[in-house]
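One structure is given below, encoded as structure tokens.
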Amino acid sequence: MSIEIIPIGGFSEIGRNCVAIKVDDEVVILDMGLHLENYIHHSEATDMDDVADMSEETLIEVDAVPNIRSIDSLKEKVVGICISHAHLDHVGAVPFLANNFDCPIYGSPFTIKVLTALVSDNRVKVKNELIEKKQNTKFRISKNIEVEFISVTHSTPQTVIIAVHTKYGGVLYANDIKLDDKPMLGEKTNIKRLKEIKTKALFLNCLYSTTPGHTDSESVPANELKHFLLDNDLRGKNIFVTTFSSQIARIKTVRDLAIKMGRKPVFLGRSLAKYTYAAQDVNLVDFSDVNIVKYSNKVRKFLAQLPNPEDHLFIITGNQGEPNATLSKIVYQDYFNFKPGDIVIFSCTVIPVEGNLDNRNRLEEALKQKHVDVYKDIHASGHARHEDHRDFLKIVEPEYLIPLHGDRERMEKMKELGIEEGIEEKKVLILRNDERIVLN
């Protein structure tokens, strides 16, 4: 009897995160995410008069969701699905795949609120019970498996490291983390608890394993935004700030600064509405003083009828230059009459996947053609870098290390680091999707 690791997604690509842990005769699934590039390409590749086929079979075929067919023989043994956080590459496939399993879905309160909105947006029904579990709580999901949600800092609220406790030892799933001593919202990483767990195997996100140094605290971009918005004379200028819709701490920072400037904050865009409503529902923030305009057709009307827009500060979706996002529509379809010297702040980095760089470059050029001043890269990542990974390995001291959420180069770099930190080379496991391994 043993622990069996079954990679389903996120081991042969960046995204589509999903892994199954089999403990004796029971299985728990950790994350069920989208491959965002493939999903967007598929959903937008149809003719205007057609609706994209969002069936499970098609989404698996185009590599937009994890290929859960690889665990068909284990469906009846799945006792729970646990979601680490509310980013779409970790939770976005749940509406399309979860009905294959007769078990509950567990997540932090914010994650479950976002998941509920995703189910509604996709107009599907999920038969699974959605169960909220707070950070730093432990709960039994079956005879053999107890799960613990351990708080960790990331770029969206209530992210957790998932600990799977078994009689054979603990498995830690740390997919998308950073070690931020000064988070702007929510709890710090529970280092004390991580040190207490005897960790048999650690799954660790390796996305930035090749990037040297430490990741900046969220307090760094917060201070940069504060100095820019409060220390400059911006009277009479229209100001748009775009960032990731799930980055609630950053959004709250900008909203608070807008009020200090004497401006009325406005949120524009569907995904921004989804995440901010979820944050309010679980009492993370209070955005009751913010005007939230969700749909692009209403955004056009709202902006056209808005007197004195320079008295407002607009937080808007579309930071990657996505053609169908609200910021792109405002720029390309003239939703808004920009004046020379108006400001657009990109409080983000460009995600380096096909199309993003071109989209952003085109959008920035279009803004400059309108004589808008563009400021960018006011940002701190939500992902640990190389030296953060080193610190984390010293905290956890796992017997086995399993890199995930990265390409081969990133996985090999993490393997080097694991060996440097005293893990036996044969116990640093670079796996591919559906490459199963048993930990005796």
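GNM, the chain, Cα, under 10 Å: largest mean-square fluctuation among Lys167, Lys427, Lys415?
Looking only at Lys167, Lys427, Lys415, the largest GNM fluctuation is found for Lys167.
Calculate the dipole size of segment 219-376 relative to its Cα centre from +1 charges on Lys and Arg beta carbons and -1 charges on Asp and Glu beta carbons; express the result in debye to the nearest 20. Could you put the intermediate results ahead of the total?
Details: 22 positive and 17 negative charges, 72 e Å.
Dipole of segment 219-376, to the nearest 20 debye: 340 debye.
Could you check the spin-label model distance between Glu424 and Asp286? Points 7 Å from the Cα along Cα→Cβ, value in nm.
Computed distance between label sites Glu424 and Asp286 equals 5.7 nm.
Roughly what percent of Cα-Cα pairs across segment 219-376 reach past 24 Å?
Roughly 28 percent, rounded to a whole number.
Note the full-extension length gain between Val124 and Lys75 as 0.36 nm times their separation in residues minus their Cα-Cα distance, in nm to one decimal.
Details: separation 49, 0.36 × 49 = 17.64 nm, distance 2.06 nm.
Result: 15.6 nm gained on full extension.
For the chain, what is the charge dipole size about the Cα centre, in debye to the nearest 20, if Lys and Arg each add +1 at the Cβ and Asp and Glu each add -1 at the Cβ? It would help to have the intermediate numbers written out before the result.
Working: 56 positive and 65 negative charges, 278 e Å.
Around 1340 debye, computed over the chain.
With 10 angstrom as the radius, rank Ile60, Ile8 by how many other C-beta atoms surround their C-beta, starting from the fewest. Present the calculation step by step, with values, prior to reporting the outcome.
On the way: Ile60 18, Ile8 24.
In increasing order of surrounding Cβ atoms, one gets Ile60, Ile8.
Which one, Asn297, Gly262, Ala249, projects farthest toward the positive side of the charge dipole computed for segment 237-313 from Cβ point charges (K/R +1, D/E -1)?
Looking along the dipole axis, the top candidate is Asn297.
At a Förster radius of 22 Å, what calculated FRET efficiency corresponds to the Cβ-Cβ distance of Glu416 and Ile437, to the nearest 0.05? Let's see the in-between values first.
Working: r = 20 Å, r/R0 = 0.91.
With a Förster radius of 22 Å, E is 0.65.
Quick one: Karplus J couplings for segment 317-324, per residue in order, coefficients 6.51, -1.76, 1.60, θ = phi - 60°, nearest Hz, x for Gly and Pro?
7, x, 5, 8, x, 4, x, 9
Where Rh is the Kirkwood radius over the Cα pairs of segment 5-118, the temperature 20 °C and the viscosity 1.002 mPa s, what D in µm²/s does Stokes-Einstein return? Display every interim value, and only then the final one.
Working: Rh = 14.3 Å.
Stokes-Einstein gives a translational diffusion coefficient of 150 µm²/s.
Total Lys pairs in segment 219-376 closer than 18 Å by alpha-carbon, pairs eight or more apart in sequence or interchain only?
28
Excluding residues on the same chain fewer than 8 positions from Lys127, give the lysines whose Cα lies under 19 Å from its Cα.
Lys75, Lys77, Lys113
Let a ≥ b ≥ c be the square roots of the eigenvalues of the Cα gyration tensor of the chain; is it rounded (a/c under 1.5), or, if not, prolate (a/b larger than b/c) or oblate? Intermediate values should be presented prior to the final figure.
On the way: a/c = 1.93, a/b = 1.60, b/c = 1.21.
In terms of gyration-tensor shape, prolate.
Just name one of Gln135, Cys103, Ile161: the one whose Cα is farthest towards the positive end of the charge dipole of segment 90-163 (beta-carbon charges, Lys/Arg +1, Asp/Glu -1).
Sorting the options by dipole projection puts first Cys103.
Considering the dipole of segment 175-241 built from charges on the beta carbon (Lys and Arg +1, Asp and Glu -1) around the Cα centre, which of Asn223, Leu194, Ser209 is farthest to its positive end?
Leu194
Given the DSSP H assignment, sum -39500 (n - 2.57) over each helix run of at least 4 residues in the chain and divide by its residue total; what's the result at 222 nm in deg cm²/dmol, nearest 500?
Numbers: 14 runs with 135 residues, N = 440.
When only DSSP H runs of four or more count, the value is -9000 deg cm²/dmol.
Can you tell me the FRET efficiency between Lys368 and Asn324 if r is taken as the Cβ-Cβ distance and R0 is 25 Å, rounded to the nearest 0.05?
Details: r = 22 Å, r/R0 = 0.86.
Computed FRET efficiency for Lys368 and Asn324 comes out at 0.70.
Using a Gaussian network model of the chain whose springs link C-alpha atoms within less than 10 Å, name the residue from Ala325, Ala304, Ala249 with the highest mean-square fluctuation.
Most flexible of the set in this elastic network: Ala304.
Once fully extended, how much extra length lies between Glu44 and Asn100, figured as 0.36 nm per residue of separation less the alpha-carbon to alpha-carbon distance?
Working: separation 56, 0.36 × 56 = 20.16 nm, distance 2.60 nm.
Residue separation times 0.36 nm, minus the Cα-Cα distance, leaves 17.6 nm.
Provide Met414, Met32, Met184, Met261 in ascending order of the number of other Cβ atoms located within 10 Å of each residue's Cβ, fewest first. Please list the in-between numbers first.
Details: Met414 26, Met32 29, Met184 19, Met261 16.
Going from sparsest to densest Cβ surroundings: Met261, Met184, Met414, Met32.
Where a ≥ b ≥ c are the square roots of the eigenvalues of the C-alpha gyration tensor, would you call segment 121-237 rounded, which needs a/c under 1.5, or, failing that, prolate if a/b is larger than b/c, or oblate? Show your work: numbers first, answer last.
On the way: a/c = 2.65, a/b = 1.69, b/c = 1.56.
Cα axes put segment 121-237 in the prolate bin.
Report the gain in length on full extension from Lys298 to Glu397: 0.36 nm times residue separation, minus Cα-Cα distance, nm rounded to one decimal.
Extending this stretch completely gives an extra 30.4 nm.
Throughout, read-outs are computed from the coordinates displayed, never taken from laboratory work. Because the structure is a prediction, the values reported are computed rather than measured. Please note: Cβ atoms are built from the backbone with ideal geometry, for glycine as well, and neighbour counts cover all protein chains shown.
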